[in-house]
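This report concerns only the one structure given below.
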Amino acid sequence: MALFNYEILKGIKLEESEKYDFLISSIKSSIDEENYKKIESSDDQFDIFLSHSYQDKEIIPHLKKTLENLGFRVYVDWINDKFFSREDVDKKTAALLQKRMSQSRSLFYATSQNSKNSKWMPWELGYFDGIKNKRVAILPIDKGNTSNENFEGQEYLGLYFYVSIDMLIRDFFHKYMLMEPNYLKELLEQAKHIPKLFINENNNKFVLFEEWLEGGEPYTLENEYDMIMKEIKEWIIIKI
C-alpha cells in the first residue's frame, strides 16, 4: 500500500492545458451572473470533490490527473470553474461550492503541511459530511522520501478512513477464497499491473474505492473468512 507521494505526483505528465501556469493564467477574477446561473442549473456529476489547500496549487493538477487516469471524475473548484476566487469568501461562492458538493459522490480531503492554513477545507469537510449518503476520506500527500503504509490523522482527521493507491492484487488477497485456483492465478498475474484506489482504516483493513462508494466498509481477511463461513452454514441449513 502507498500513500500519494509529492515527488511521484510531480512526475505525472500533463497536457499544456492541464499545467498550473496555463490554468492560473485563465482564471477570471470574479463570478459573473452568467456563469453563476450556469452552475446553478447544471446537472454535472463527479465521483470525487477534491478539497485542498490552494498553497498546494502546483501539485493539485497532477493529483487530479492521477485520479482521472484511474477512471474517476474529479472536481477541483479553480480548475473546473475558472472564475472561482480562493481569496473571496462570500455567500455566492459558498453556494456554488455547495452545489458542486451535492453533485459529487465523495470528498477527498487532501491533507498536507499546508492544510492547516486553509480557510475552505474544514468548512467543505463539515458541510459534505453532513450530506446524507455521501462519503468522506482523507487523502494524505506525503512529502517524505519513505513509503509510508499507515496514516494517523491528527484530531478530527483520525475519525475518517484514508485513501491510498496500490495494485489490484492487494484486493484479490481479500477475495481469493471465493475463486477457482487456475482462474485466480491468471487474475493475480494481471492484477500486479493494475493501479487502484483503496479506502483504508489501517494497512490490514481496507476496501476498493468503488465498493466504498456503494456503501462498503474496510474489512480484513478475517472478516472475509467469517463472512464466507456464515454463507456456507446458511447454505447447508437450507439444503438440510
In the range 83-95, which residue that is part of a loop (DSSP other than H, G, I, E, B) and loosely packed, with under 14 Cβ neighbours inside 10 Å is modelled with the highest pLDDT? D90
Out of the range 133-157, which residues are outside any strand (DSSP E or B) and at pLDDT 85 or above? N133, K134, L157
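Where residues in the range 111-122 are in contact (Cβ under 8 Å) with a residue 24 or more places away in the chain and part of a helix (DSSP H, G or I), which of them is farthest from Q55 (Cα to Cα)?
Among them, the one singled out is M121.
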Cβ-Cβ below 9 Å, separation at least six or inter-chain, first residue in the range 193-208 and touching a residue at least 60 places away in the same chain (Cβ under 8 Å) and basic (K, R), second surrounded by fewer than 23 Cβ atoms within 10 Å (Cβ to Cβ) and not in a strand (DSSP E or B): which pairs? K196/L70; K196/L168; K196/R170; K196/D171; K196/E210
Please go through (1) farther than 29 Å from K205 by Cα; (2) surrounded by fewer than 15 Cβ atoms within 10 Å (Cβ to Cβ); (3) of a type in the set (K, R); (4) in contact with a helix residue (DSSP H, G or I) (Cβ under 9 Å, 6 or more places away or on another chain) for K10 and return the number of the only condition it doesn't satisfy. (1)
Being among the β-branched types (V, I, T) and either free of Cβ contacts under 8 Å to residues at least 12 places away in the same chain or surrounded by fewer than 20 Cβ atoms within 10 Å (Cβ to Cβ) (or both) is the filter here; which residues of the range 40-69 pass it? T66
The correct count of residues that are buried (at least 16 other Cβ atoms within 10 Å of the Cβ) and either of a type in the set (A, V, I, L, M) or under 19 Å from K65 (Cα atoms) (or both) in the range 188-209 is 8
Based on what the data block shows, is F72 at pLDDT 80 or above, surrounded by 15 or more Cβ atoms within 10 Å (Cβ to Cβ) and in a loop (DSSP other than H, G, I, E, B)? yes
In this structure, does Q113 turn out to be within 20 Å of R73 (Cβ to Cβ) and surrounded by fewer than 21 Cβ atoms within 10 Å (Cβ to Cβ)? no
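The values are calculated or read from the model by the stated rules, or taken from the named source; none is laboratory data. Predicted model, so just to flag it, every value in this text is computed and none were measured. Please note: Cβ atoms are built from the backbone with ideal geometry, for glycine as well, and neighbour counts cover all protein chains shown.
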